Structure formats: structure tokens, C-alpha cells
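The values are calculated or read from the model by the stated rules, or taken from the named source; none is laboratory data. As the structure is a computational prediction, the values presented were derived from the model and not from experiment. Virtual Cβ from ideal backbone geometry, glycine too; neighbours counted across all protein chains shown. These accessible areas exclude ligands, DNA and RNA; they are computed on the full protein's heavy atoms, side chains included. Shrake-Rupley method; radii C 1.70, N 1.55, O 1.52, S 1.80 Å.
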Amino acid sequence: MWSEWFDRPAQVALVEAIRAVAAQAPFFTPLMPRTGKPFSVRMTNCGPLGWVSDRDGYRYQPAHPDGAPWPPIPAALLEAWRALADCPVEPDACLVNYYGAGAKMGLHQDRDEETFAAPILSIQLGDEAVFRIGGPDRRDKTRSFRLRSGDALIFGGPARLAFHGVDRVVAGSSTLLPKGGRINLTLRRVRPF
Ligand code: MD3
Ligand code: FE
């Protein structure tokens, strides 16, 4: 983990870049497969592929649910990938998660990608998250720690298939987002290379 890989001016610039993404591809509320229960986290994407979830299931697709292609991944994020990911190919998906008051994410594995050979790069902006991570089996022991604005984390190798989630977000812990809340960016390689 790189604590504050992005300094404050870089974080401000990233928030601006995400605002531009959201202007093209508005945040939507994903639904749980089958039940249709809404997620508490709101999402959008940039890059050739974006992750969506609805009654039909979880998947990557080239367009927003409204039908428009996802906007490109901002250059600053591609630069961070090149610096940190130790991966010979570019990411082809960037999921943008927004956590407002009370939002959380249950323990899960990321396995919708067609390859697990590339790592996942996760970037934190705004309020702190109480993050939980275990091992490749749901029953493995977990530990929790805080993720802070500007932090960048790489999950590769054995950690790529670790169960993880967000227990809660600490309201008021950052001044980066004027209305509060937390943005998490995950850069991924979905297609095999
Ligand atoms: C560990 N996001 O989008 S970020 C997700 O804070 C997701 O929004 C959380 O889990 C969030 O899938 C956690 C840290 C993270 C992201 C991907 C991982 C940890 C990971 C993939 C494998 C192992
Ligand atoms: Fe995940």
C-alpha cells in the first residue's frame, strides 16, 4: 500500500477528472442479481469496459446502462497504473464507487474478470473507509484497517482473489469532497493478454 501516493493537489485534480467522467456517464444504483435489492454504493465507470450489476447478474459491458459508451480513463489514472501495477498491458476498466452516508460493501471476491493475471489498483478519495480483507476462502480470518484519501493499493498475486469489503465510511474524516462521502477507483484488466 502506498499511503498518500496522491498528494492533495493530485487528489483535487482526480476529483475534477471524476466529475467529468460522471458528466458523461452518470452515477447509477446497481441492483443485486435475482433479488433486485439496491446497493448502498452508487457506481459509474470509465474505460473500454465497465462493471454493472442488475437482476440479470454481474458483468462487464462496453456501455453505460443508458446506452452510451463509457468515457476514457483519465490520463492521471493510467500514469498511476504504469507506475504501480507492474503489468505489461493497460487497464481496460475503471470502476468508480461512491459511498454516501451509511454506504458499505459486503465481503466478496472480484472474479468477474476474464483474467486474474493482472493486479487491481485501488485509489481512495475523500472520507476514510474501514476496509476488511481476508484470504481466498470466505472463512479465512480477516483483518481491518483504514484507507485514507490519496492512498493507492495494489492487489496482485495471492491477494488478487482475497475476500474483501468495506464495513463503513467515517463521515467528516476528509475535506476533499465538499458534500462528504468517499470515492473508490479500481483499475482492472478484464480481457486476457
Ligand atoms: C482486494 N471496492 O469495487 S477497494 C470493488 O472500497 C471493491 O469500493 C471496495 O471491492 C471499495 O470490487 C474495496 C479495495 C479493493 C479492491 C479490489 C480488490 C481490494 C481488493 C480485489 C481483490 C482483493
Ligand atoms: Fe471488490
Projected area averaged over all directions for the convex hull of the alpha carbon atoms of the chain, nm², comes out at 10.2 nm²
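Give me the number: length gained by fully extending Asp86 to Thr29, i.e. 0.36 nm times residue separation minus the C-alpha to C-alpha distance, one decimal in nm. Numbers along the way, then the final one.
Working: separation 57, 0.36 × 57 = 20.52 nm, distance 3.23 nm.
So the extension gain works out to 17.3 nm.
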Taking max minus min of the Cα coordinates of the range 1-83 on each principal axis, largest first, gives extents in Å of 41, 26, 22
For 87-94, 69-76, 36-43, 116-123, ranked highest to lowest by mean beta-carbon neighbours within 10 Å, the order is 116-123, 87-94, 69-76, 36-43
Counting only backbone N atoms under 20 Å from a point 7 Å out along Cα-to-Cβ of Ser173, the residues of the range 122-149 in range are 122-134, 142-149
What the Cα atoms of the range 75-173 span along the principal axes, largest first and in whole Å, is 37, 34, 19
Note to self: with every protein chain in place and a 1.4 Å probe, the chain gives an accessible area per residue in Å² of 49 Å²
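Summarise the long-distance tail of P(r) for the range 142-193 by giving the % of C-alpha pairs beyond 16 Å. Could the numbers behind the result be given before it?
Details: 738 of 1326 pairs.
The calculated P(r) of the range 142-193 puts 56 percent of pairs beyond 16 Å.
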If each part is reduced to its alpha-carbon centroid, the range 117-180 and the range 39-63 end up apart, in Å, by 19 Å
